[in-house]
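Let me begin by presenting the structure, written as structure tokens, before commenting on it.
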Amino acid sequence: MCIRDRYQRRVRGTHNMSTLQPYQLPTEHAPHLLAPATLGDMELRNRIAMAPLTRGRANVDRTPNSRMASYYRHRAEYTGMVIAEATTVNSSSANGWVDSPGIYTEEHRDGWREVVQAVHQTGCHAFVLQLWHMGRAAHSSFLGGAAPKAASAVVIEGDDGVYNADGVKVPHEVPEALTAEEIHEIVEDYRRSAVLAKAAGFDGVEVHAANGYLINTFLDSTTNLRTDEYGGSAENRMRFLNQVLEAVVGVFGAGRVGVRLSPNGAYNGMGATDSVSSYSYFLSELGKTGLAYVHVMDGLGFGFHDKDREFTIAMARAAYGPGNILCNVGYDRDSGDAVIAAGHANAVAIGRPFMSNPDLPYLYAHDLPVAEADPSTWFTHGDEGYDDFPSHVVSGSEQSQTLG
């Protein structure tokens, strides 16, 4: 039995929902989270977004494959928005993760097209690709021996190193500061990747400006020591992000572009004493752009830099204004419903629970238990722990079966 048949049987089974069409979920357990929404030019059947999750299951040349198509199809079945995993924009300086996907060749485009078609067949038409440059978090073994790039030559501190291309943990390397010419070239890489993403059929793109990757190193004052037009003031530190956004908006239109920020994040050695003032400024400026959304990692479960006050989602709303906000990190059904009800966010991005619960919105809607994932299988590059989790199937009585 195909997965759609399973879900339709489930909806018409024990819960006596024969009057509902496939993909509609009851809302009584989370009336705000499970309500439809419009983010820019994208229509969401509910306000649950699957957050981008790096899984390292692409081919060795970074081309997406049928295994990834199946993985995303299963997780899109009831989900309002799916944000695909971080995907690199060039081969010369952006890569730094084994078997992560790319979007800089025609082969990548064609591989992603298969994934997009699988997701769209579920009825989800808010499938967004996250565009990624790893910056100083990469290692020279991925870059033909060249040093990783960053806003300034500031090495990552505070962790035990980085995995090289052979999977060995090694110390972080001191990055090279990008020249102005290199910055312009990378902006063009983002634009070209957006063109390929659009050709693959994606409904939009999200610019990854969080978690200590390249754009984030420009935003934070501790990692941006530049004295040119890209450094110093918050306005200057935002210049690179603005140029990238302008480039991809020129491809998709503002209503199909989002951006991810991590004002509280410590990952990859980030955080600054002026984080609250800086991110208040960044969000106030982004609020003028008409983007589909900003994706704010406000939760502290991914690590808090503790160099300034916590930047709350309420502060993000105050700075950004009435535009669409996705909140992220540590939210579940009840806290997600509450943050939307309070007006602080328009949708909630949820990540790790989707790994082991491909039908997570269904579980939320029917007040069913959520399974825990095994962290040892998150990044193994194999089939185990990837697309082999059970779906809560109803056929006369509730039982678990493996997706297929």
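The values are calculated or read from the model by the stated rules, or taken from the named source; none is laboratory data. Remember, it's a predicted structure, so these values are computed and weren't measured experimentally. Using ideal geometry, Cβ is built from the backbone for each residue, glycine included, and neighbour counts are taken over all protein chains shown. These accessible areas exclude ligands, DNA and RNA; they are computed on the full protein's heavy atoms, side chains included. Shrake-Rupley method; radii C 1.70, N 1.55, O 1.52, S 1.80 Å.
Restricting the first member to segment 207-226 and to residues that are at pLDDT below 95, and the second to residues that are of a type outside the set (K, R) and not in a strand (DSSP E or B), no beta-carbon pair is closer than 7 Å while six or more apart or on different chains. Show the residue pairs that are 6+ apart or on different chains and have beta-carbon atoms under 9 Å apart, the first residue being within segment 160-185 and in contact (Cβ under 8 Å) with a residue 12 or more places away in the chain, the second being open to solvent by 70 Å² or more (accessible area, probe 1.4 Å) and aromatic (F, W, Y). Between residues of segment 160-185 that are in contact (Cβ under 8 Å) with a residue 12 or more places away in the chain and residues that are open to solvent by 70 Å² or more (accessible area, probe 1.4 Å) and aromatic (F, W, Y), the close pairs are V170/Y163. Out of all the residues in segment 256-297, which are in contact with a His (Cβ under 7 Å, 6 or more places away or on another chain), hydrophobic (A, V, I, L, M, F, W, C) and open to solvent by 10 Å² or more (accessible area, probe 1.4 Å)? Result: A266, single match. Can you find a residue in segment 5-21 that is modelled with pLDDT under 50, of a type in the set (V, I, T), more than 15 Å from F127 (Cβ to Cβ) and surrounded by 20 or more Cβ atoms within 10 Å (Cβ to Cβ)? Yes; the residues of segment 5-21 include at least one that is modelled with pLDDT under 50, of a type in the set (V, I, T), more than 15 Å from F127 (Cβ to Cβ) and surrounded by 20 or more Cβ atoms within 10 Å (Cβ to Cβ).
Out of the residues in segment 44-56 meeting the condition of being open to solvent by 10 Å² or more (accessible area, probe 1.4 Å) and more than 15 Å from N357 (Cβ to Cβ), tell me which one is nearest to the chain's Cα centre (by Cα).
By that ranking, first place goes to P52.
Tell me, which residue of segment 190-213 that is in a helix (DSSP H, G or I) and open to solvent by less than 20 Å² (accessible area, probe 1.4 Å) is farthest from G145 (Cα to Cα)? Checking each candidate, the answer is A200. State whether one or more residues within segment 161-180 are in a helix (DSSP H, G or I) and of a type outside the set (A, V, I, L, M). No; the residues of segment 161-180 include none that is in a helix (DSSP H, G or I) and of a type outside the set (A, V, I, L, M).
Of all residues in segment 304-315, those satisfying the criterion of being surrounded by fewer than 19 Cβ atoms within 10 Å (Cβ to Cβ) and of a type outside the set (A, V, I, L, M, F, W, C) are D306, K307, D308, R309, E310, T312. Here is a check on your reading of the model: is T273 in contact with a strand residue (DSSP E or B) (Cβ under 9 Å, 6 or more places away or on another chain) and among the polar types (S, T, N, Q)? The answer is no for T273. The criterion of being in a helix (DSSP H, G or I) and either surrounded by 23 or more Cβ atoms within 10 Å (Cβ to Cβ) or of a type in the set (A, V, I, L, M, F, W, C) (or both) holds for N216.
Does S277 satisfy the criteria of being touching a residue at least 12 places away in the same chain (Cβ under 8 Å), in a helix (DSSP H, G or I) and either under 29 Å from V154 (Cβ atoms) or of a type in the set (S, T, N, Q) (or both)?
yes
Here D41 meets each of (1) open to solvent by 10 Å² or more (accessible area, probe 1.4 Å); (2) farther than 22 Å from G323 by Cβ; (3) more than 18 Å from the chain's Cα centre (by Cα) with one exception, condition (2). Could you identify the single residue in G123, G111, G135 that is closer than 30 Å to E77 by Cβ and open to solvent by less than 10 Å² (accessible area, probe 1.4 Å)? Of G123, G111, G135, the one residue that is closer than 30 Å to E77 by Cβ and open to solvent by less than 10 Å² (accessible area, probe 1.4 Å) is G111.
Per-residue answers, yes or no, for (1) among the basic types (K, R); (2) within 26 Å of A210 (Cβ to Cβ); (3) in contact with a Lys or Arg (Cβ under 7 Å, 6 or more places away or on another chain):
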| residue | (1), (2), (3) |
| --- | --- |
| L33 | no, yes, yes |
| D41 | no, yes, yes |
| A49 | no, yes, no |
| V60 | no, no, no |
| G80 | no, yes, yes |
| I83 | no, yes, no |
| T87 | no, yes, no |
| S100 | no, yes, yes |
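Number of residues in segment 125-160 that are among the aliphatic types (A, V, I, L, M) and in a strand (DSSP E or B): the value is 4.
Which residue is nearest to F202 (Cα to Cα), if the candidates are limited to segment 57-69 and must be open to solvent by 30 Å² or more (accessible area, probe 1.4 Å) and in contact (Cβ under 8 Å) with a residue 40 or more places away in the chain? Here the residue is S66. Scanning segment 237-269 for residues that are in contact (Cβ under 8 Å) with a residue 60 or more places away in the chain and aromatic (F, W, Y) gives a single hit, F240.
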